[in-house]
1. Scanning the stretch 50-82 for residues that are assigned to a helix (DSSP H, G or I) and of a type outside the set (Asp, Glu), which turns out most open to solvent (accessible area, probe 1.4 Å)?
2. Kindly provide the set of residues from the stretch 162-186 that are in contact with a helix residue (DSSP H, G or I) (Cβ under 7 Å, 6 or more places away or on another chain) and acidic (Asp, Glu), ordered by number.
3. If I ask for residues that are surrounded by fewer than 14 Cβ atoms within 10 Å (Cβ to Cβ) and at pLDDT 90 or above, which ones from the stretch 98-130 would you list?
4. Suppose we keep only residues that are open to solvent by 90 Å² or more (accessible area, probe 1.4 Å) and of a type in the set (Lys, Arg) within the stretch 181-201. Which one would you say is nearest to residue 138 (Cα to Cα)?
5. In the stretch 168-180, is there at least one residue being modelled with pLDDT under 85, open to solvent by less than 20 Å² (accessible area, probe 1.4 Å) and over 12 Å from the mean Cα position of the chain (by Cα)?
6. When you go through 35, 44 one by one, which is the residue that is modelled with pLDDT of 50 or more and buried (at least 18 other Cβ atoms within 10 Å of the Cβ)?
7. Name the single residue, out of those in the stretch 83-97 being in a helix (DSSP H, G or I) and open to solvent by 60 Å² or more (accessible area, probe 1.4 Å), that is modelled with the lowest pLDDT.
8. For the subset of the stretch 165-180 comprising residues that are out of contact with any Leu (no Cβ under 9 Å at 6 or more places or on another chain) and not in a helix (DSSP H, G or I), which member is farthest from residue 138 (Cα to Cα)?
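The values are calculated or read from the model by the stated rules, or taken from the named source; none is laboratory data. Quick caveat, the model's predicted, so the values are computed rather than measured. All Cβ positions, even for glycine, are placed from backbone atoms using ideal geometry, and neighbour counts span all protein chains on display. Side chains included, ligands, DNA and RNA excluded: accessible areas come from the protein's heavy atoms. Shrake-Rupley method; radii C 1.70, N 1.55, O 1.52, S 1.80 Å.
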Amino acid sequence: MTDENASLPDDPQDLSAPEEGSSRRTAVVAEDESLIRMDIVETLTEAGFEVVAAVGDGESAVDKARELRPDVVVMDVKMPQTDGVTAAERIGEDNLAPVVMLTAFSQAELVERARDAGAMAYVVKPFTPADLLPAIEIAISRFTQITQLESEIADLGERFETRKRVDRAKGLLQTNMGLSEPEAFRWVQKTSMDRRLTMREVADAVIDQLGGAGKE
């Protein structure tokens, strides 16, 4: 067995903060199995991320997300002290960072809980960099969209309704205009700025024009 304290990136001295002016995105990794944790750290580092903390339990993941405000948290569902779902919920409540959950096939019910808790994407074990990295990009993109939406609106109920309508409008734009999800969101966002409308107003207009069967 590998010693948890030997050459693993759990120790603060092993995780230097990004240099001033660095454009590298930052990540927190939370995985209680040390070998998997090292693999994730290596994958993220090779992909250009700065791994600012790598921990083995959910409570530490929440603490590090709150302290460091990373661009993404990659976290296992099953962990000691605080499980990944509970940790994701706490991270999501404070809008600290997007969370990518790592799960096993046998944990389908936990995936649903994780989604409800605010996880932006999930990856099923065993996974490869080709599985993990796109999920991270999706999570970061969705988190950015939600953050931008919620910055418009103070009321929580209004935020939820706006998010639903923008998601509906994005789907219609993807279907009718052949846009990707990020492109559809940028279209809504740009139209909102150009026409001095809220994103909800733009979304409503898209739904009105494209939502009917057979409408162009």
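1. So in the stretch 50-82, the residues assigned to a helix (DSSP H, G or I) come out as 58-68.
Okay, now just the ones that are also of a type outside the set (Asp, Glu), so 58, 60-62, 64-66, 68.
Working: 58: 0, 60: 36, 61: 0, 62: 0, 64: 61, 65: 0, 66: 105, 68: 67 Å².
That would be 66.
2. Within the stretch 162-186, just 181 meets the criteria.
3. Across the stretch 98-130, the qualifying residues are 128, 130.
4. Residue satisfying both the conditions and the ranking: 186.
5. No, the stretch 168-180 contains no residue that is modelled with pLDDT under 85, open to solvent by less than 20 Å² (accessible area, probe 1.4 Å) and over 12 Å from the mean Cα position of the chain (by Cα).
6. Numbers: 35 fails: buried (at least 18 other Cβ atoms within 10 Å of the Cβ).
After applying the criteria, what remains is 44.
7. From the stretch 83-97, those in a helix (DSSP H, G or I) are 84-93; that's our starting set.
Restricting the remaining residues to those that are open to solvent by 60 Å² or more (accessible area, probe 1.4 Å) gives 89-90, 93.
On the way: 89: 86, 90: 88, 93: 80.
Within the stretch 83-97, the match that is modelled with the lowest pLDDT is 93.
8. 178
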